[in-house]
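Colleague: One structure follows; several queries about it will come next.
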Amino acid sequence: MALFLSPQDRRIVLVKRVIAVPGDHIRISQRVVILNGTALDEKYVMHKAGEEDFYPNDFPNDSSLTGCAEGHEMLSQSVMNGEIIVPTGKYFVLGDNRENSLDSRCWGFVGSSDLVGKPLMIYESVDQSEDETSRPHLHWVWETRWSRLFKFF
């Protein structure tokens with residue numbers, strides 16, 4: 001996990017999982033991340049069945065996603081033999097909620113100069129629908145993911 005400045009709004013600090021570091025080869029096949037030829041066992045990843053997926057199941061690919069043209073261009077320059085090779089000074093990050101996460105698949109690599117730090121623990125974790133995100137005070141007690149609170153990394 002890493003804290004870094006958002007490529008879309010530099011005033012915001014994001015938290016995502018660092019999947020690949022400089023020199024790594026990465027691709028995604030049917031939602032499974034393949035890192036340096038080995039499929040990752042990602043028990044922490046959430047896939048929501050039946051939810052419309054913004055991202056294709058296979059990555060990298062030739063399709064440019066809405067709002068992601070700049071990242072697509074950046075990543076396409078690092079594709080070789082169907083894999084992305086992470087360049088020096090760059091990192092490939094993914095959100096754990098894969099179908100609902102803007103991450104390196106959209107905006108490209110995170111530069112080492114944008115890294116801010118590493119999270120220490122989870123102090124709040126709420127399972128919210130899109131409706132509830134605009135009213136976070138409602139349903140807080142019922143939607144809190146209690147098992148995640150105060151988990152240290």
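Derivation of every value follows stated rules applied to the coordinates shown; laboratory data play no part. It should be emphasised that the depicted structure is a prediction, and the values quoted were computed from it without experimental measurement. All Cβ positions, glycine included, derive from the backbone under ideal geometry; neighbour counts span all protein chains shown.
Colleague: Which residues does a label at PHE54 reach in the stretch 74-105, if reach means a backbone N under 16 Å from a point 7 Å past the Cα toward the Cβ?
Modeller: Answer for the stretch 74-105: 93-105.
Colleague: Report the FRET efficiency, 1/(1 + (r/R0)^6), for GLU70 and ASN97, where r is their Cβ-Cβ distance and R0 is 22 Å, rounded to 0.05.
Modeller: 0.45
Colleague: To make sure I understand, if each residue's beta carbon is the centre and we count other beta carbons within 10 Å, what order do PHE109, PHE92 fall in, fewest to most?
Modeller: Exposure proxy ranking, most exposed first: PHE109, PHE92.
Colleague: Now a separate question. Compute the distance in nm between two label points, each set 7 Å from the Cα along the Cα-to-Cβ direction, one at LYS43 and one at PHE152.
Modeller: According to this spin-label approximation, the distance is 1.9 nm.
Colleague: Taking the Cα centre of each part, how many Å lie between the stretch 70-130 and the stretch 1-66?
Modeller: 6
Colleague: For the stretch 29-88, with the dipole built from +1 on Lys and Arg beta-carbon atoms and -1 on Asp and Glu ones, taken about the Cα centre, which of VAL32, ILE85, SER64 lies farthest toward the positive end?
Modeller: VAL32
Colleague: At 7 Å along the Cα-to-beta-carbon direction for both MET80 and ARG11, put a label point, then send me their distance in nm to one decimal.
Modeller: 4.1
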